[in-house]
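No value in this document is a laboratory result; all are computed from the given coordinates. Every value quoted in this text rests on a predicted model; they were computed, and no experiment measured them. When we count neighbours, we look across all protein chains shown, and the Cβ atoms used for this are built from the backbone with ideal geometry, even at glycine.
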Amino acid sequence: MNQAVTLHLGRLPSLGALFELFNAGKHLNHIAEPVLWAELEKEQEQYQELFGRLGFTLRVDRRGFAWFHFDNASSNVSRTTRQLALLFMLLFELKADEGMHLHRFGDWIIDRAVLAKLLERGHDLLLAEGLDEESLVGLLDRACAYGFAESAAGGWRLLPAVWRYLDHFVKLAGEQDGEIEEGVDVSEAIETSEEDEPA
């Protein structure tokens, strides 16, 4: 028989801030929000239990990010999520072709020169999604709002939540090559809880 965890709300001073962040479809990253991350790590079991009792599934990835997981979101992937997946896929392909190690994505600065390369390489795919250079800039700003990126000197830097996309990219690349890299967790669908924004 499962024993219920006793909740101690006094030990959860960041409950409101964390719920607001996660419920908005955003990711918590240890780099962008170190204080909130430390609070979550300290009382992870308490937060997961409380949010679970409220009907939410809090996922915490050991690589330094957390989010509310929604099982039904994968069947209705939003426009923003689809565009982010395309942007990150093209970025991973570009960096792999440049000889960059994909697991070091947090070190990359994505500036307008990188966006121009992406537009050149993925012109037809980006055009099909209605993405030009300015809309890619807007998409990266939305990535910042969801916790996938942050503004950096002259561009953007990717945050640990991008592992969710990289895991899928590696899986797809492995399937295409007939092998899947061991140890890659690809069991979760990529989703956000926000509705598509009006065009």
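Kirkwood radius and radius of gyration were both taken over the C-alpha atoms of region 48-113, and their ratio Rg/Rh is 1.09.
Here the relative contact order of region 77-177, from alpha carbon pairs under 8 Å that lie six or more residues apart, stands at 33 percent.
If you stretched the chain out fully between Arg104 and Leu119, how much longer would it get, using 0.36 nm times the residue separation minus the C-alpha to C-alpha distance? The span from Arg104 to Leu119 would gain 3.2 nm if fully extended. Applying both filters, DSSP loop and at most 11 other Cβ atoms within 10 Å, to the trypsin sites (Lys or Arg not before Pro) of region 56-127 gives Arg62.
Taking a straight line from the alpha carbon of Lys26, these lysines sit under 27 Å away, with near neighbours fewer than eight places off in the same chain left out: Lys42, Lys95, Lys171.
Counting only C-alpha contacts under 8 Å and six or more residues apart, can you give the relative contact order of region 1-151 as a whole percent?
21 percent
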